[in-house]
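The values are calculated or read from the model by the stated rules, or taken from the named source; none is laboratory data. Treat the numbers as computed from the prediction; the structure is a model and nothing was measured. In this analysis, Cβ positions are derived from the backbone assuming ideal geometry, glycine residues included, and neighbour counts consider all displayed protein chains. Side chains included, ligands, DNA and RNA excluded: accessible areas come from the protein's heavy atoms. Shrake-Rupley method; radii C 1.70, N 1.55, O 1.52, S 1.80 Å.
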Amino acid sequence: MQKLSPIKGTLDVMVLKALSWTPMHGFEITCWLEEESAGALEVEDSALYQALYRLEERGYVEAEWGVTENNRKARYYRITTEGRAQLKAESARLLRYAATLTAILSGARG
Amino acid sequence: MRSRFRRYLRLPLRRLTTIRAQVDDEIALHIELRIEQLIGKGLSRKEAESEARRRFGALPASRRRMFTTARRKERHMSVRESWDALRQDWRYVLRTLRLEPVFTLTIVLTLALGIGANAAMFGIIDRLLLRGPTHVVDSDRLQRVYVNTEFTPGEKATFSAIPFAMYSALKDARTVEGAAAFARNKLTVGRGEGSELVDIGLATWDFFPLVGVSAYRGRFFTKEEDLPPTGTRVAVLGYDLWRRRFGGDESVIGKTIEISGEVYAIVGVAPRGFTSVRLQPIGVWVPMSALSRCRPDWPTTWQCQWVDVIVRLKPGMTPHSAAAETNSLYKGAYTGKSESWLKATMSLLPIHYNGDGTEPTELSVSRWLMGVSSVVLLVACANVSNLLLVRAFRRRREIAVRMVLGITRLRLVGLLLTESLVLAGVGAIGGLAVANWGGQLTRVLLLPNVEWSQAAVDSRVFLFSLLVALATGLLIGLFPVLQAMASELGASLKAGTREGGGRRSPIRAALTIAQAALSVVLLVGAGLFVKSLWNVEHLDMGIEPDRVLAITAEWPRTQGTGKAGALTNDERIARRAYRSQFYDRALERVRALGSIEAATAAVGTPFSTSFGVDLRVPGRDSIPELPGGGPYIAAVRSDFFKTVGTRLLQGRDFTAADRAGSELVVIVNQTMGRMLWPNEQAIGKCLIIGADTMPCSQVVGVVEDSHRYELREKPAMQYYVPMGQEIGIGGTDLLVRPRGDLEDTIELLRKELQSLDPTILFLRIHPMRNAIDPQVRPWKLGASLFAIFGGLALLIAALGLYSVIAYLVSHRTRELGIRMALGARTAQIRGMILQEGVVLTLIGIAAGLVFALIGGRFVNDLLFDTSPRDPFVLIAVVSAMLLTALAASTLPAWRAARVDPVEALRAE
């Protein structure tokens, strides 16, 4: 099966969702996305980091240097209050969109 | 927390390197983890590496993009943090200032007075000097033509009243864009009841385009309306007169206005505040040729000198080269034969100069006062600095704690500067109120003759105050900042605040001394000016201008039947007889009034007119020349000396029997008697007045010298003949000496005289004092403002001394307590505190006196009969200063002596 790459504008909300459970560093987020999508989704690493930096600039996430389990220095991202609000609004919008898209494409009326 | 302050202003280079390194670290870690993950899935190391890179995507590009985003975010954050820090500082400052209202109020008031004084003085200087006359374009390039010559050998004369012919001579000048002539004259506008005396501006038609003004309504004159010798009777109203007499009526153009009994058609209204090139208001403008008639040939003669000529320099031309050309044009044009005029040279000076080529005294005095007000501000700054230092000293433990907690020096400096700028800013707001109030007062009371159409606080004054406030804020913050920079953390932390709280600080002592010294300088200045003013007002001028009203009657101009409407000889004699009769009847009527002590009439009155005629003294070849000029003649009726208040020293006064046709008699002044007949009795001597063929006039009396025009005058010879016996002089004034208030009598006299002769156009009645007041004004200005500023400085210095000593005492409570516990008597404690203030003040006084004595030389010219080292003034100032210092230290000293040792020690 061909792997999917995220539709434009959806990566940010997925990253926020990942961080809504616990602070993570970049690689952990990649792994989380792969697991959650059961391997269906493949995110290009550079795209993920652009998204993280963008979210940080907008104040949706905060970054702090920390140490991994293997004692390596890593940059941990944490969602902010504004980030949670954004996540809520944006996922609601996307879900409605997806439902509409589904209805149209599956041809409920046809 | 520390790193936050590193970003205080903008991202330093180091910070950028850090960002770049972080981006790299992050990418490296990711790729490493990915490789490990792939190897864990069974790939070889090499395969894993290349797969990891592939999955990351365009590495250099994304690395660059991440860096850019991170930098942008970083910059936003640092701006926000600086802003937050500023807001925090601001809140902290306001809180601390609110916590100490007395302290804050003292500082704000002090600064308000200092800044306000400067703003007010700037407003005045701006009007008198910097801004130039309103509606005049490029006033720097306008210059006035002056004549320099000698009428009596060795006596240089410079003046701007010159013949109209000089204006014509400048028509072809190449160094200037143009020339124009103007003159001013006080004339009657209206008739009878509604008439008033108005400043009339006479100007050539090209005057208005030359200065660059355009009419507010209608137009100024055309060339055709100003054709010499008799131009068209058209008039342009001054803005204020238009509002006052015509109620600002827009349809005034085409109406008429009566000037000296002649009707002028109104063609325009001048813009508000336009005053020609001087600052004195003008009521009505008329063409030069419509009102110039000193002689029928006035456009070409060199005999009449009444116009001022201004020129506008071509761009790039210096006044010097224009003056050279003016001078050579003059030499070519002069057709007269006067010695003095043949050797005269022309020069150019700025338009704001006086008619005699000197800078207006008001301006010199104002310039001094600007300096003085800045000294007041310096005193205020010293005072505030001192207060801030004392408080910083008290707060140093708190500051040390803050520094340990991570506040940086930079931040601390920012905090201190915010505080001083806030104080200066609030002070400036108060200062604007002071400037508004003080500026208005100064204008009305001290400079009433200047056109002030601008508000006392306009945009320029506002901007000036803003700059002064900024400078003040930085200045008062300077010492506390220096102290903060130098302070040692640890030392301050370990020591309790109280310990060493009373230690003398050299900066503080220096500031206190500086305040006292500057105050002394100002007070000496104030003293000198006040003494000058006193001298001016109590000057024995040989007459009492405060007690005398001068009355001039103006009749309408009458057309004669002679050539060109001139009066024939017979008509002139008839007119003279009529007027003489009028004065007879007027004197009779006025003298009969109960409220009048004495009244007389004279041709040639003090501060108004004086005459000279041919004079010969039998037995002398010539009459000695005096620097004051003369001899001057006046024709007077009986009671003249009694009326004006001149003392008769010898002989007798004129009586009603001395008149035309009676025996010729004369009264001389003291100088004349002494000069003509040294060591002899003047009484009985003989003077031949007028032509050689005239018979002897016998000297029957000697009076004291009196001033003729000026406050400062060199002695001159003056003699008096009975009215009716004079030859070749004319123009009678009535002089009246009321018993009571002068102003109250004016209306009464006006009614009496107007009813006596209803044909009188206008009666000009004013206290003789009015003629001298403009001369007294500079001293009034100097004395009042110097006194105000001096008083202000003294008050501020006293306040400063008091608060510093009070502060020190309150923080030395423990030391005082110990001293008292050890047996010091209250008197000793009191003496100790008193001594502290007085010693500093004494040093300040000494320094101030040195400065005052050095500076005194420069004000010498502005003083009136007062030495800049006047001992009375110096002693008065020193005592005032000492008393103030004592008073300022007494209260804290008294409080110090009441310290309860037990309480003081327990408190620690």
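Quick notes on this one:
- Extension gain, B:Lys223 back to B:Val613 (0.36 nm per residue minus Cα-Cα distance, nm): 136.4 nm
- Per-selection Kirkwood Rh - region B:63-117 (Cα, Å, 1 d.p.): 14.5 Å
- For chain B, the longest principal axis of the Cα atoms and the long axis of helix B:506-537 meet at an angle of about 10 degrees.
- Using all pairs of distinct alpha-carbon atoms, the Kirkwood hydrodynamic radius of region B:6-119 works out to 19.2 angstrom.
- C-alpha long axis of helix B:769-810 to longest principal axis of chain B, angle in °: 20 degrees
- Measuring between alpha carbons in the structure, the pairs from B:Lys223/B:Lys255; A:Lys17/A:Lys88; B:Lys531/B:Lys780; B:Lys156/B:Lys343; A:Lys17/A:Lys73 lying more than 18 angstrom apart are B:Lys223/B:Lys255; A:Lys17/A:Lys73.
- Stretchable slack from B:Leu99 to B:Ser364, in nm (0.36 nm times residue separation minus alpha-carbon distance): 90.9 nm
- Mean projected area (nm²) of the alpha-carbon convex hull when region B:202-294 is viewed from all directions: 5.8 nm²
- The protein assembly as shown: proportion of alpha-carbon pairs further apart than 43 angstrom, %: 60 percent
- If both residues of a DSSP beta bridge must be in the protein assembly as shown, then about 80% of such bridges are antiparallel.
- The contact between chain B and chain A removes approximately 2300 Å² from the accessible area (both sides summed; 1.4 Å probe; ligands, DNA and RNA excluded).
- For the peptides B:739-747, B:255-263, residues were scored by their other Cβ atoms within 10 Å and the scores averaged per peptide; the highest-first order is B:255-263, B:739-747.
- Here's the list of aspartates and glutamates a cross-link from B:Lys41 could span, going by alpha-carbon distance under 18 Å and ignoring same-chain residues fewer than 8 apart: A:Glu28, A:Glu34, A:Glu35, A:Glu42, B:Glu32, B:Glu49, B:Glu51.
- Added length on full extension, which subtracts the Cα-Cα distance from 0.36 nm per residue, B:Leu482 to B:Glu32: 156.7 nm
- Three-way shape call for region A:70-110 based on the alpha-carbon gyration tensor, with the a/c threshold at 1.5: oblate
- Annotation: Cα Rg of chain B relative to the compact-globule expectation 2.2 N^0.38 Å equals 1.34.
- Between the beta carbons of A:Trp21 and A:Val67, assuming R0 = 22 Å, the FRET efficiency works out to 0.65 to the nearest 0.05.
- Dipole of chain B, positive end: most advanced residue of B:His320, B:Ser340, B:Val877 [Cβ charges, Cα centre]: B:Val877
- Relative to the longest principal axis of the Cα atoms of chain B, helix B:59-99 runs at roughly 60 degrees.
- As computed over region A:14-71, the Cα convex hull volume per residue (Å³): 90 Å³
- Two-site FRET efficiency, B:Glu597 against B:Ser340, from Cβ-Cβ distance with R₀ of 60 Å, rounded to 0.05: 0.85
- Long-range amide H partners of B:Thr256 with built H, under 5 Å: B:Ile266
- Cα gyration tensor, region B:549-704 - rounded (a/c under 1.5), prolate or oblate: oblate
- Shielding by partners, peptide B:67-79 (average Cβ within 10 angstrom, other chains): 2
- Selected from A:Ser20, A:Ser91, A:Ser46 as most flexible by GNM, with chain A as the system and alpha-carbon contacts under 10 Å: A:Ser46
- For region B:139-291, the relative contact order works out to 25 percent when only alpha carbon pairs closer than 8 Å and six or more residues apart are counted.
- Once both labels are positioned 7 Å from their Cα atoms along Cα-to-Cβ, the gap between B:Trp555 and B:Thr655 label points is 3.1 nm.
- Three-way shape call for region A:1-104 based on the alpha-carbon gyration tensor, with the a/c threshold at 1.5: oblate
- GluC sites (Glu not before Pro) restricted to DSSP loop in region A:35-110 with at most 11 other C-beta within 10 Å: A:Glu69
- Straight-distance candidates among the aspartates and glutamates for linking to B:Lys186, with alpha-carbon spacing under 18 Å and chain neighbours fewer than 8 residues away dropped: B:Glu196, B:Asp199, B:Asp240, B:Glu258, B:Glu262, B:Asp308, B:Glu451, B:Glu554, B:Asp733, B:Asp773.
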